[in-house]
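Enquirer: Have a look at the structure that comes next, please.
The values are calculated or read from the model by the stated rules, or taken from the named source; none is laboratory data. Note that this is a predicted model, so its numbers are computed, not measured. Here the Cβ positions follow ideal geometry from the backbone for every residue, glycine too, while neighbour counts run over all protein chains shown.
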């Protein structure tokens, strides 16, 4: 189940980017996303799990570049989401490989898919909302709240970085 | 690199670009990543509070025998969504069946039991901890703990039962045993004739001698049989035991030492054990079954070693051995071992060498060409000369071809003659 979901996620991410770039006129780049998908899948089956982090970085960078080039945001969002899911499922598959044959991996897979589904739905929904809903004026209190929230997140990140 | 760092860097990179370019789409692109991080943080596990127990089906066994290990892990903390637990095996043990690594979900208060079978070569193995890695389903934050579950497994060397070992140390102890004590008294072997004393049993009277002396009676005296102090020295020097292509005589030496210790303790002797390798491992002399266990545990942990200090036998600590006791050394021997052994003999110890033959051992796996055979003959002659020199110095040296089972060898070379053979002086 995980492997199928992984392959679908990788294809979702790379094909979305390829379509987005092709629609934007950058046909030359589209083929490279399909190459990236093939390399990602091959490296996963060869157990070079480190490549999924590099692939995520490449996919997010490509999506950001597409946004900068004003290609379709929805395709770029789908590309980033597919990359994120591919990266997550690749690591989950690696963790599952440590399980013994008698372990209840089906239950773990089901729980993981549920959680990832929530993340994907919520993340994509929020992103779409932020793209299509434009707030003309933001109250000062809300802006201060958002700044505080960002500062809190940044603090957590720095604490995490210092810990490792 | 922890997963949340990569995600965090990508998220903040996108947010920064979004702020710098004043384009909301970059921030929208970061939102799935933010959602992922946020849910991961919210679901991150608390520090796991776990307890584990371990049960071994056997705590002492023989080499390559199966031992079942059962481990139970109990979660005393909050529910752990994804747990990867690994029972860390001591080096040397291999899993024969089952698995020592599992992945599971552990509810609050739930216990998980798993079992597997291990086997290994001779050695002492200590189980120490169970490594547990707990994380949420997204594995954004993970927590690693080591849960203590102690356990010990001794894989003891195989012990071959030996019938008896004929040794004659100069000094024996006061307790009755099986070793001739060079003193007259109660026993089975004839020792001498002395004047009859009141209290001697009438059947002890030597009528033939008494008939020659009209005014006195004479009685037969028998040789007392007592127990003795025996120190077994196991030579674990790398240069005498290890040969080309990874072949080693040491396992044969260990088996011989174990069998000797077992037989000597069964005869009632006080036995100590010194493993002479990269360091000295001394098991204090003692009697009985407990001492047998101590010695077997010492032998389970015995390893060959290389040390400048103990590269020759000059540093055998003679102060450890009771004076004039029997020393049995199990060693393949090298040419320069003669002088230290002679010094031991000069100090009054009865020295017996049981020497696994390294020449025959090495020749058994080398190609049988002319040059190898010639080299083998030369080394064999050198070894024979060493044995002759030791014989002249009063050291009882026995050359053991390890192809012959040790019990056969001991029976042939060290077995005590039956009573009827001893009676006719054989």
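Enquirer: What are the residues in region B:33-68 that are more than 14 Å from chain A (Cβ to nearest Cβ) and either in a strand (DSSP E or B) or surrounded by 20 or more Cβ atoms within 10 Å (Cβ to Cβ) (or both), if any?
Expert: B:48, B:50, B:51, B:52, B:53, B:54, B:55, B:56, B:60, B:61, B:67, B:68
Enquirer: Residues that are outside any loop (DSSP other than H, G, I, E, B), modelled with pLDDT of 80 or more and at the interface with chain B (Cβ under 10 Å from one of its Cβ atoms): does region A:128-135 have at least one? Explain how you work it out, then say what you get.
Expert: First, pick out the residues of region A:128-135 that are outside any loop (DSSP other than H, G, I, E, B): A:128-132.
Now drop any that are not modelled with pLDDT of 80 or more, which leaves A:128-129.
Next cut, at the interface with chain B (Cβ under 10 Å from one of its Cβ atoms) only: A:128-129.
There is at least one residue in region A:128-135 that is outside any loop (DSSP other than H, G, I, E, B), modelled with pLDDT of 80 or more and at the interface with chain B (Cβ under 10 Å from one of its Cβ atoms).
Enquirer: Determine, yes or no, whether residue A:162 is more than 8 Å from chain B (Cβ to nearest Cβ) and either part of a helix (DSSP H, G or I) or at pLDDT 80 or above (or both).
Expert: On the way: more than 8 Å from chain B (Cβ to nearest Cβ): yes; either part of a helix (DSSP H, G or I) or at pLDDT 80 or above (or both): yes.
So residue A:162 passes the test.
Enquirer: While we're on this one: Residue check: is residue B:19 assigned to a helix (DSSP H, G or I), facing chain A (nearest Cβ under 7 Å) and on the phi < 0 side of the Ramachandran plot?
Expert: Details: assigned to a helix (DSSP H, G or I): yes; facing chain A (nearest Cβ under 7 Å): no; on the phi < 0 side of the Ramachandran plot: yes.
No, not satisfied.
Enquirer: Still on this model: Is there any pair with a first residue in region B:347-360 that is at positive phi and a second that is surrounded by fewer than 20 Cβ atoms within 10 Å (Cβ to Cβ) whose Cβ atoms are under 6 Å apart and which are 6 or more apart or on different chains, and what are they?
Expert: That search, which allows pairs on different chains as well, returns B:348/B:324.
Enquirer: Kindly provide the set of residues from region B:22-32 that are more than 7 Å from chain A (Cβ to nearest Cβ) and surrounded by 24 or more Cβ atoms within 10 Å (Cβ to Cβ), ordered by number.
Expert: Correct list: B:30 only.
Enquirer: Further question: With respect to residue B:216, determine if the residue is over 21 Å from residue B:286 (Cα atoms) and not in a helix (DSSP H, G or I). Break it down into steps so the answer makes sense when it comes.
Expert: Values: over 21 Å from residue B:286 (Cα atoms): yes; not in a helix (DSSP H, G or I): yes.
It is true that residue B:216 is over 21 Å from residue B:286 (Cα atoms) and not in a helix (DSSP H, G or I).
Enquirer: Now for a separate question. Of the residues that sit in region A:15-73 and are within 14 Å of chain B (Cβ to nearest Cβ) and outside any helix (DSSP H, G or I), which one is surrounded by the most Cβ atoms within 10 Å (Cβ to Cβ)?
Expert: A:71
Enquirer: Further question: Residues in region B:89-129 that are more than 14 Å from chain A (Cβ to nearest Cβ) and touching a residue at least 12 places away in the same chain (Cβ under 8 Å): how many? Explain how you work it out, then say what you get.
Expert: Kept after step one, since they are more than 14 Å from chain A (Cβ to nearest Cβ), are these residues of region B:89-129: B:89-94, B:96, B:108-109, B:111, B:118-129.
Then drop every residue that is not touching a residue at least 12 places away in the same chain (Cβ under 8 Å), which leaves B:89-90, B:92-94, B:96, B:108-109, B:111, B:118-129.
Residues flagged as more than 14 Å from chain A (Cβ to nearest Cβ) and touching a residue at least 12 places away in the same chain (Cβ under 8 Å) within region B:89-129 amount to 21.
Enquirer: Okay, next question. Under 8 Å between Cβ atoms, which residue pairs at least 6 apart in sequence (or on different chains) link something in region B:193-205 that is in the same structural domain as residue B:220 (by TED's automatic domain parsing) with a partner that is part of a loop (DSSP other than H, G, I, E, B)?
Expert: That search, which allows pairs on different chains as well, returns B:193/B:206; B:195/B:216; B:195/B:217; B:196/B:216; B:196/B:217; B:204/B:196; B:205/B:196; B:205/B:217.
Enquirer: Now a separate question. Let me spell it out: the conditions are (1) surrounded by fewer than 18 Cβ atoms within 10 Å (Cβ to Cβ); (2) within 12 Å of another protein chain (Cβ to nearest Cβ); (3) in contact (Cβ under 8 Å) with a residue 12 or more places away in the chain; (4) assigned to a helix (DSSP H, G or I), and residue A:7 meets all of them except one. Which number is the exception?
Expert: The one condition residue A:7 does not meet is (2).
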